[in-house]
Amino acid sequence: MVYSKLESKGQLTAAKWEPFLTPNLWKTYILPGIQGTLTAAAVSIVLAVVLGFLLGVGRLSTHPLIRLPSAVVVEFFRAVPVLIMMIFAYFLYAQYDMFLSKHLALAGVITGLTLYNGAVIAEIVRAGVNALPRGQSEAASSLGLRWGQTMRLILLPQAVTSMLPVLISQMVVVLKDTAIGYQITFLEMVRQGTQVGSAYGNYIPALIVIAILMISVNFALSRFAIWLEGRMRRARRGPEPMHIQPITQGSFGAGAGGSI
C-alpha cells in the first residue's frame, strides 16, 4: 500500500534516483555527512566509555566523598535531555571562544553525547559489577587485596565480558543520536539527506539512502560486538587442552618397523 501511494505520487520514479549515480552529489552532500556522523560518534564513544567507567567505579567506591558526588553527576546527566546539553554546550563554547567557529557544532554534539551516555554507561558498569557473585570480592579480601586492586584485577575484567552487548547497544544509540545535532547546525547524515531532498526534489529516495547507510553502519557495529564478545569469552577460558594420544605397549618402535 505504501509503495503504491508513493508510486502514484511519482516519488519512486527513476528520475528521483538518478542524482545518486553522480559523484557530485556524494562528494557535496553524502560523504561530508558520513564523515561528520562517524567523527562525532567515534570521539563521543571513546570519551563516554572512559567517563562511564570512572563514574561507575566511583559509584561503587567505599569512600562517601567519591561515591556521593559520582552518584549526583550520574543522576543529573541521565535526567537532562541530550539536545539541551548540546545546545547549552554550543552556546557556552561560542560565548567564550573555546573552539574555532567551524568546530563549535561538533564540540557541542560531542559534549552532549559524552555526558549523557557516560552517565548511562556508569550505570551499566555498576550493574555489571554488582551482578557478580559476592564470593569474588570476599575471596579477594581474604587474600589481602585492597578495594582498588580487587576492582581492577578481579571484578572489572569479569564484568566487562557480560556488559559488552549492552555497551555496544549504547554505542549504537550514540551513533543514532548524532542526528540530533542538526538543531545546532551540525553537519551529519540526516541533515545532509534533507538537503539532498531539498536540492533535487527527492526527499523520499534521499531519506531511504540515508536510512540504508545508517542501518549498514549499525549492523557492522553489532557484528563487531558479537565477534568481540566471542573472542573475549574464549580468551577467558584460555587455550583448549591438548589431547594426547595414549601410548600402548605395541606402539613403541612402530616407526622403526616393528613393535615391542
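The values are calculated or read from the model by the stated rules, or taken from the named source; none is laboratory data. Please read these numbers as outputs of a predicted model, since none were measured by experiment. Cβ sites come from the backbone with ideal geometry, for glycine too, and all protein chains shown count toward neighbours. The accessibility values were calculated without ligands, DNA or RNA, using every heavy atom of the protein model including side chains. Shrake-Rupley method; radii C 1.70, N 1.55, O 1.52, S 1.80 Å.
With a 1.4 Å probe and all protein chains kept in place, how do Glu75, Glu188 rank by accessible area, largest first? Please list the in-between numbers first.
Values: Glu75 85, Glu188 0 Å².
Output order, biggest surface exposure first: Glu75, Glu188.
Tabulate in residue order the Karplus-calculated ³J(HN,Hα) for the range 72-84, using 6.51 cos²θ - 1.76 cosθ + 1.60 with θ = phi - 60°, rounded to whole Hz; enter x for Gly and Pro.
Those phi angles translate into 5, 4, 4, 5, 5, 6, 6, 8, 8, x, 4, 4, 4 Hz.
On a straight-distance basis, which lysines could pair with Lys102 in a cross-link, Cα separation under 29 angstrom, same-chain partners fewer than 8 positions away excluded?
Answer for Lys102, where 29 Å is the Cα cut-off: Lys27, Lys176, listed by chain and number.
Report the charge-dipole magnitude of the chain in Debye, nearest 20, computed about the Cα centre from +1 at each Lys and Arg Cβ and -1 at each Asp and Glu Cβ. Could you put the intermediate results ahead of the total?
On the way: 20 positive and 10 negative charges, 68 e Å.
Dipole about the Cα centre, nearest 20: 320 debye.
For Val50 and Ser101, FRET efficiency with R0 = 35 Å and r from the beta-carbon atoms, rounded to 0.05?
Details: r = 27 Å, r/R0 = 0.78.
Efficiency, rounded to the nearest 0.05: 0.80.
Tell me, what ³J(HN,Hα) does each residue in the range 46-54 have, in order and in whole Hz, if you take phi through Karplus 6.51 cos²θ - 1.76 cosθ + 1.60 with θ = phi - 60° and put x for Gly and Pro?
So the Karplus estimates, Gly and Pro as x, are 4, 5, 5, 5, 4, 4, x, 5, 5 Hz.
At Ser8 and Ala199, where each label point lies 7 Å from the Cα along Cα→Cβ, what is the point-to-point distance in nanometres?
Once both label points are built, they end up 3.3 nm from each other.
In whole percent, how big is the carbon plus sulfur part of the accessible area of the chain, probe 1.4 Å, protein atoms only?
Details: 10400 of 15670 Å².
Using a 1.4 Å probe with all protein chains present, the chain comes out at 66 percent carbon and sulfur.
Considering only protein heavy atoms, with the full assembly of protein chains and a 1.4 angstrom probe, order Leu187, Leu60 by accessible area, largest first.
On the way: Leu187 70, Leu60 30 Å².
Solvent-accessible surface, decreasing: Leu187, Leu60.
For the range 57-95 and the range 126-199, what is the centre-to-centre distance using only Cα atoms, to the nearest Å?
The range 57-95 and the range 126-199 have Cα centres spaced 15 Å from each other.
Which far-off residues, 5 or more places away or on another chain, put their amide H under 5 Å from the one on Leu60, with H placed in the peptide plane?
Under 5 Å from the amide H of Leu60: no residue qualifies.
Can you give the accessible area of Met171 in Å² (nearest 10), computed on protein heavy atoms with a 1.4 Å probe?
Only protein atoms counted, so the area is about 40 Å².
What order do Arg59, Arg146, Arg233, Arg67 take when sorted by accessible area (1.4 Å probe), most exposed first?
Arg146, Arg233, Arg67, Arg59
Probe of 1.4 angstrom, ligands and nucleic acids ignored: what's the accessible area per residue over the range 170-231, in square angstrom? Before the final figure, lay out each step's value.
Details: 3060 Å² over 62 residues.
Here the per-residue accessible area is 49 Å².
State the three equivalent ellipsoid semi-axes of the range 135-224, derived from the C-alpha gyration tensor as the square roots of 5 times its eigenvalues, in descending order and whole Å. Walk me through the numbers before you get to the answer.
Details: eigenvalues 432, 36, 8 Å².
Equivalent ellipsoid of the range 135-224: 46, 13, 6 Å, largest first.
Whole-Hz Karplus ³J(HN,Hα) for the range 124-130, in order, using 6.51 cos²θ - 1.76 cosθ + 1.60 and θ = phi - 60°, x for Gly and Pro?
Those phi angles translate into 5, 5, 4, 5, x, 5, 5 Hz.
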